[in-house]
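Novice: This is the structure I want to talk about, given as structure tokens.
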Amino acid sequence: MESLIGLLVAAPLLGAAVLLCGGRRLDRTGHWLGTGLAFTSFVLGLVLFADMLGKDGEERALHSHLFTWIPVEGFQADAAFQLDQLSMTFVLLITGVGSLIHVYSVGYMEHDERRRRFFGYLNLFLAAMLLLVLADNFLLLYVGWEGVGLASYLLIGFWQHKPSAATAAKKAFIVNRVGDVGLSIAIMLMFVTFGTFAFEPVMNSVGETGEGKLTAIGLMLLLAACGKSAQVPLQSWLGDAMEGPTPVSALIHAATMVTAGVYLIVRSGAIFDAAPDAQLVVTIVGAVTLLFGAIVGCAKDDIKKALAGSTMSQIGYMILAAGLGPIGYAFAIMHLVTHGFFKAGLFLGAGSVMHGMNDEVDMRKYGGLRKYMPVTFVTFGLGYLAIIGFPGLSGFFSKDLIIEAAFAKGGTQGWILGGAALLGAALTAYYMTRVMLMTFFGEKRWEADAKGDMPHPHESPKTMTIPMIVLAIGSVGAGAFFDIGERFVHWLEPVTGFEHGHLPDGLSVPMVTGATVACMVLGVAAAWLQYGRRPVPAAAPRGSLLTRAARRDLLQDDFNHVALVKPGEYLTRGLVYLDHKLVDGIVNGTAAAFGGLSARMRRVQNGYARSYAVSMFGGAVVLIAATLLMRAV
Amino acid sequence: MNALAQAGYTTSTGEATQFWVLAIFAVAGALGTVMMKKAVHSALCLAGTMVILAVFYLANGAYFLGVVQIVVYTGAVMMLFLFVLMLVGISAADSLKETIKGQRWLAMLCGIGFGVLLMAGIGNASLSSFEGLEDANSGGNVHGLAALIFRDYVFAFELTGALLITAAVAGMVLTHREKTEATPTQREQAAQRVRDGVQVPPMPAPGVYARHNAVDIPALLPDGTPSELTVNRTLRDRGQIRDVSAQALADLAAIEQRTADYQGKALEPDTGDDAEPNGSVSANAGGKAGKGEGE
Amino acid sequence: MNPVNYLYLAALLFTIGAAGVLIRRNAIVVFMCIELMLNACNLALITFSRMHGNLDGQIVAFFTMVVAAAEVVVGLAIIVSFYRSRHSASVDDAALMKL
């Protein structure tokens, strides 16, 4: 069984290699090859999963040692895989949702002449993400981490002929680099502190280490997670990443990439458990991001950007849960999985809408699409109900558990975090209802696009609708399936540990659930009052100060520009000035000095044989003088 | 130091006298070679120095080389120099004014330094024993040299032969000019002259209308100006043309003056002069005709 | 008289010849100065021969003469061909190597 773990990564990697190196002869079949290999990976994952279910909880982890990567005295790095319940969850999510997105892409990218290359990148993305979650040490995880960064760069910038796409890809890559620096520093600190970076020995020796060092490592890991998972303050790349093709957005937001940060924190749970300060920072980052993303999502008219804000917000929930320690780890992963279903479904639905609307993304130009795209409407609607936490659907279970856990943290912190999570739930309901109403209800507000073509909304082909249906089923049923009998918690418990949270006095579980549902209803009602009852204006109203700020992503880019870019520019200018004046001055001065000297020396070379003869004769004089001197001595 | 060594270490008084007298001339000749303005004079000075050196060779017991020095150097090599001088020009713009800045001073400095150091080296060397060539020359100087050349140095000697042959070939190759086109015939030359239109009639010969019938004096054109075309190009390049046009015009004026004095008339302007002889000629003709008629 | 004086004379002649090479511009005179230097060497060689009491010095002087003769042939040929192309016998006119 262990040998299958390697194949799990190898299959999409092989696909990437073949598709990217294979050339044009694969143009006609390449996408099916990529999809097939993604499914192969998924099937392998299912086989391993079945095998795992047959064992007891504590014995389920598998290890597969491939080779010793860096065999140096005192620095041992192995290429080895570890498949436990946490990894298994991610493997199934990545390969399952990933495969569905592959199928969807076959239809979505049908008219793109670079489709083969696109599938190569998708496979590369899957392989990197699988490597990330299967690695048994931080160094190999880092390889996958960088691979994900590379693949996301390639995919966000896939339509590189658009300057905005190229810029967005660069932005994503650079912001991710900031996080990567955090991860590399964390790995270095780990090596200095523990002498190794394999998961097991690190986690086992946490107890013997000082809290200060653990806090430093935890904060660095958090920085890394912020970069990959688009958490404040490294969130700015996520909205721009919508420049990539929609399946890429679905893949990034649901199955890969942004989940890596949550995985990293849950995987290093032992470190965070021993460093409460770092944990507190994690919860604060999560709470701030969930509100930040929700507010941004409320103001965006671009359907994909509204969904991007929603992703940021939902990942914020996960990070918040992961920061709560053993009472939250399992809920974080559970929400991650359910979110994987409904967010992938929502994005694929959005892609389907765009597909039918001449790639229009402005929701103010949609309206009334439910009649033209019934399948998309139903699947999108189910995803919508799931994400706002409609009772009985998957978002309801997973989000409610996180809110409860937040209150259960206890004390003022618990109240603040729980309140933020509740507010987030209301906002989620508001902005998602807004998306739903503006897109599928109300009057038609379609406009001709830049070429003058009126959109003719139509249902998407089967390759696109079938994945959406499958994901909608997941959105509906996954939460209940996981939560009933605490199945998911028991499944993950051997890895992450679990404690039941205790709500503070005066609160009970039904009260929190009721509050959550009430918030959701409030959000939906507010959105209906604003967008359902009244016709939606085709041009965005000016809006309040907050709305305008939220449209500009709450000034994140302006903040980065003022706080980072400007000082960087001044520093660069200063350095350039120094370089020109000082460094170049020295270099050019030396060159000029030699040039001038040479120009003077050159005059000696006047071409006259007699001048040269004088030199020779002078040399002879010197030789004789030297000879005489040597004899005299 | 014993008597024998002492004898080998000094020379006879006669040789000493000869050395001091001739050495002065040798150095003077060398200085003359360097300093004489005309190359021919330099060559003559050099020849003198070489002859003196030949005498020194003889005094030093190198009888064969002394003779060879005179025959080869003063005889052959210096003659070759003189021939080339004749080809190239005996005074080809060779001023002694220095054109390269600082060259003369550097040369002087290096020369003095070199000479002083060299002589200091000779003075420093421990040249206490002088063997003399009496033993080596006992079988005759030429015999001794021949024995060495054809025995010990035979390979070097053979190589010298090859060197001389190569040098002879090189001399021929360097001075030989390949004829790349057929020599134009007289007819072709005439046709070319007409085509060019510059000088249609034949070139004027040198010395025409000149006081001297010499190659370096250009011919005078009808208006009295000299024609440089008539002088050899080498002489022209060297600037060795002697212009006598002013003199020739003065001579002409003097002759006309004498004629005028003889006829008792004052010298008149050219126009009147030209008209009167024409008139007198026609009068004479008329007179003759009249006489004819009368007979 | 000490025969070393011949060596002093040779050194002096050699130096004068060398100075002439450096000072004069007429290629033929330069060449003559070179001959002067060769002759000064020959005088020194012959004096050495007398000092050491064998004829090897004279042999070397003999070869020097032969080489000098060959050199004269080639050198003068070069001067003649140079004069043909440049109408000048000045060594300074053969200054195409400058700059």
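The values are calculated or read from the model by the stated rules, or taken from the named source; none is laboratory data. Keep in mind that what you see is a predicted model, and the values were worked out from it rather than measured. Quick reminder, even Gly has a Cβ in these numbers, built from the backbone with ideal geometry, and neighbours come from all protein chains shown. Calculation scope for accessible area: heavy atoms of the full protein, side chains included, ligands and nucleic acids excluded. Shrake-Rupley method; radii C 1.70, N 1.55, O 1.52, S 1.80 Å.
Novice: When only the heavy atoms of the protein chains count and the probe is 1.4 Å, how do B:Lys179, A:Lys213, A:Lys228, A:Lys566 rank by accessible area, highest first?
Specialist: These residues rank, largest area first, as B:Lys179, A:Lys213, A:Lys566, A:Lys228.
Novice: Considering the options C:Ser49, C:Ala70, C:Ser90, tell which one lies farthest towards the positive end of the dipole of chain C, charges being +1 on Lys and Arg and -1 on Asp and Glu at the Cβ, about the Cα centre.
Specialist: Selected residue: C:Ser90.
Novice: So what is the relative contact order for chain A, in percent, with contacts set as C-alpha pairs under 8 Å and at least six apart?
Specialist: 12
Novice: Rg and Dmax in Å for the stretch A:172-331, alpha carbons only: what are they?
Specialist: For the stretch A:172-331, the Cα radius of gyration and maximum Cα-Cα distance read 15.7, 52 Å.
Novice: Can you give the charge dipole size of chain A about its Cα centre, rounded to the nearest 20 debye, using +1 on the beta carbon of Lys and Arg and -1 on the beta carbon of Asp and Glu?
Specialist: 2880
Novice: By its C-alpha gyration tensor, with a ≥ b ≥ c as the square roots of the eigenvalues, how is the stretch A:378-435 shaped: rounded for a/c under 1.5, else prolate for a/b larger than b/c, else oblate?
Specialist: Numbers: a/c = 5.11, a/b = 2.01, b/c = 2.55.
The shape class here is oblate.
Novice: Taking a threshold of 23 Å on the Cα-Cα distance, which of the pairs A:Lys162/A:Lys444; A:Lys162/A:Lys343; A:Lys343/A:Lys399 fall above it? All intermediate terms of the calculation are to be shown ahead of the outcome.
Specialist: Details: A:Lys162/A:Lys444 29 Å; A:Lys162/A:Lys343 26 Å; A:Lys343/A:Lys399 14 Å.
Table pairs above 23 Å Cα-Cα are A:Lys162/A:Lys444; A:Lys162/A:Lys343.
Novice: Over the stretch B:20-90, with a single point scatterer placed on each C-alpha, what log10 of the ratio I(q)/I(0) does the Debye formula yield at q = 0.15, 0.18, 0.22 1/Å?
Specialist: -0.50, -0.68, -0.92
Novice: What whole-number value in cubic angstrom gives the convex hull volume per residue for the C-alpha atoms of the stretch A:61-189?
Specialist: In the stretch A:61-189, the Cα convex hull volume per residue is 122 Å³.
Novice: In peptide A:595-607, how many Cβ atoms from other protein chains are near each Cβ within 10 Å, on average?
Specialist: 2
Novice: How big is the dipole moment of the stretch A:162-281 about its Cα centre under a simple scheme where the beta carbon of each Lys and Arg is +1, that of each Asp and Glu is -1, and everything else is neutral? Debye, nearest 20, please. Display every interim value, and only then the final one.
Specialist: Working: 7 positive and 8 negative charges, 99 e Å.
Dipole about the Cα centre, nearest 20: 480 debye.
Novice: Rounded to whole Å and sorted largest first, what semi-axes of the equivalent ellipsoid does the C-alpha gyration tensor of chain A yield via the square root of 5 times each eigenvalue?
Specialist: That gives 52, 32, 26 Å for the three semi-axes.
Novice: Heavy-atom accessible area of A:Trp32 with all protein chains present, probe 1.4 Å, nearest 10 Å²?
Specialist: 130
Novice: Here is a follow-up. Can you give the accessible area of A:Ser236, probe radius 1.4 Å, in Å² rounded to 10?
Specialist: 0
Novice: Excluding residues fewer than 8 places away in the same chain, name every one of the aspartates and glutamates whose C-alpha is closer than 18 Å to that of A:Lys451.
Specialist: Within the straight-line limit of under 18 Å, A:Lys451 reaches these aspartates and glutamates: A:Asp359, A:Glu360, A:Asp362.
Novice: Another question, then. So what's the Cα pair-distance distribution over the stretch B:105-205, bin width 5 Å, in %?
Specialist: Computed distribution, short to long bins: 2, 8, 6, 7, 6, 7, 10, 12, 7, 5, 5, 6, 6, 6, 4, 3, 0.
Novice: Can you tell me the alpha carbon radius of gyration of the stretch A:1-77 divided by the globular rule-of-thumb value 2.2 N^0.38 Å?
Specialist: Numbers: Rg = 16.8 Å, N = 77, 2.2 N^0.38 = 11.5 Å.
Ratio of Cα Rg to 2.2 N^0.38 Å: 1.47.
Novice: Sum up the charges of everything whose Cβ sits under 14 Å from the Cβ of C:Leu76, counting Lys and Arg as +1 and Asp and Glu as -1, but leave C:Leu76 out.
Specialist: -1
Novice: Residue farthest toward the positive end of the dipole of chain A, with Cβ of Lys/Arg at +1 and Asp/Glu at -1: which of A:Ser205, A:Ile327, A:Val524?
Specialist: Of the candidates, A:Val524 comes out farthest on the positive side.
Novice: May I pose another question? Hey, can you list the residues from the stretch B:42-91 whose accessible area shrinks by 40 Å² or more with all protein chains present, relative to the chain by itself (probe 1.4 Å, no ligands or nucleic acids)?
Specialist: B:Leu46, B:Leu53, B:Tyr57, B:Asn60, B:Leu65, B:Tyr73, B:Leu80, B:Phe81, B:Val84, B:Val88
Novice: Sort the following peptides by mean Cβ neighbour count (other Cβ atoms within 10 Å, averaged over residues), highest first: A:4-11, A:401-408, A:255-262, A:556-563.
Specialist: Per-residue mean Cβ counts within 10 Å order the peptides as A:255-262, A:401-408, A:4-11, A:556-563.
Novice: Separate question: Carbon and sulfur atoms: what percent of the 1.4 Å accessible area of the stretch A:91-209 do they account for?
Specialist: 63
Novice: Something else about it: Quick check on the protein assembly as shown: helices-only [θ] at 222 nm, where DSSP H runs of length 4 and up contribute -39,500 (n - 2.57) each and the sum goes over total residues. Nearest 500, please.
Specialist: One gets -23000 deg cm²/dmol as the mean residue ellipticity at 222 nm.
Novice: My understanding is that a pair violates if its Cα-Cα distance is over 22 Å; which of A:Lys228/A:Lys409; A:Lys305/A:Lys365; A:Lys300/A:Lys365; A:Lys213/A:Lys566 do that in this structure?
Specialist: Those over the limit are A:Lys228/A:Lys409; A:Lys213/A:Lys566.
Novice: Over all residues in B:133-142, what is the mean tally of Cβ atoms on other chains that come within 10 Å of each residue's Cβ?
Specialist: Counting other chains' Cβ atoms within 10 Å and averaging over B:133-142 gives 3.
Novice: Ok, one more. Would you mind checking the radius of gyration and Dmax of the stretch A:308-411 based on alpha-carbon positions, in Å?
Specialist: So, for the stretch A:308-411, Rg and Dmax equal 15.9, 52 Å respectively.
Novice: Between A:Leu66 and residues 5 or more places away or on another chain, which pairs have amide H atoms under 5 Å apart, with H built 1.01 Å from N, and which residues are they?
Specialist: A:Ala79, A:Ala80, A:Phe81
Novice: OK, next. With a 1.4 Å probe and all protein chains kept in place, how do A:Ser164, A:Ser249 rank by accessible area, largest first?
Specialist: A:Ser164, A:Ser249
Novice: How big is the dipole moment of the stretch A:13-102 about its Cα centre under a simple scheme where the beta carbon of each Lys and Arg is +1, that of each Asp and Glu is -1, and everything else is neutral? Debye, nearest 20, please.
Specialist: In total the dipole reaches around 660 debye.
Novice: Can you tell me the relative contact order of the stretch A:389-542? Whole percent, Cα pairs under 8 Å, sequence separation 6 or more.
Specialist: Values: 136 pairs, mean separation 73.4, N = 154.
It rounds to 48 percent for the stretch A:389-542.
Novice: Per residue of B:175-185, what is the mean number of Cβ atoms on other protein chains within 10 angstrom of that residue's Cβ?
Specialist: Numbers: counts 7, 2, 2, 0, 0, 0, 0, 0, 0, 0, 0.
The per-residue average across the peptide is 1.
Novice: When the solvent-accessible surface of protein heavy atoms is calculated with a 1.4 angstrom probe, in what order do A:Ser598, A:Ser611 fall, highest first?
Specialist: Ranking A:Ser598, A:Ser611 by accessible area, largest first, yields A:Ser598, A:Ser611.
Novice: Using a 10 Å cut-off on Cβ atoms, rank the peptides A:546-555, A:463-472 from the highest mean neighbour count down. Don't skip to the answer; put the middle values down first.
Specialist: Details: A:546-555: 16.8, A:463-472: 22.6.
For the peptides A:546-555, A:463-472, the packing ranking is A:463-472, A:546-555.
Novice: Let me ask another. Which Cα, out of C:Ala18, A:Met188, B:Leu249, lies furthest along the positive dipole direction of the protein assembly as shown (beta carbon charges, K/R +1, D/E -1)?
Specialist: Ranked along the dipole, the leading option is B:Leu249.
Novice: As an exercise, identify the trypsin sites (Lys or Arg not before Pro) in the stretch A:560-633 lying in DSSP coil whose Cβ has no more than 13 other Cβ atoms within 10 Å.
Specialist: Loop-located and lightly packed - A:Arg603.
Novice: Please name the residues of the stretch B:100-116 whose accessible area, counted over protein heavy atoms with a 1.4 angstrom probe, falls by no less than 50 Å² between the chain alone and the full protein assembly.
Specialist: The answer is B:Ile100, B:Gln103, B:Ala107, B:Cys110, B:Phe114 - residues whose exposure falls by at least 50 Å² when every protein chain is included.
Novice: Report, please, the projected area of the stretch B:33-182 averaged over directions, based on the convex hull of its C-alpha atoms, in nm². Kindly include the intermediate steps, with their values, before the conclusion.
Specialist: Working: hull surface 59.0 nm².
The Cα convex hull of the stretch B:33-182, projected and averaged over all directions, gives 14.7 nm².
Novice: So what is the orientation-averaged projected area of chain C, using the convex hull of its C-alpha atoms, in nm²? Each step should come with its number before you reach the end.
Specialist: Details: hull surface 30.2 nm².
For chain C, averaging the hull's shadow over all directions gives 7.5 nm².
Novice: Kindly provide the pair-distance distribution of the stretch A:351-477 built from C-alpha pairs, with 10 Å bins from 0 and whole-percent values in order of increasing distance.
Specialist: 13, 34, 28, 16, 8, 1
Novice: Given the peptides A:269-277, B:58-66, arrange them by the average over their residues of other C-beta atoms within 10 Å, most packed first. All intermediate terms of the calculation are to be shown ahead of the outcome.
Specialist: Values: A:269-277: 20.3, B:58-66: 22.1.
Going by the mean number of other Cβ atoms within 10 Å, highest first, we get B:58-66, A:269-277.
Novice: Express in Å², to the nearest 10, the accessible area of B:Leu109 obtained by rolling a 1.4 Å probe over the protein heavy atoms while all chains stay in place.
Specialist: My reading of the accessible area for B:Leu109 is about 120 Å².
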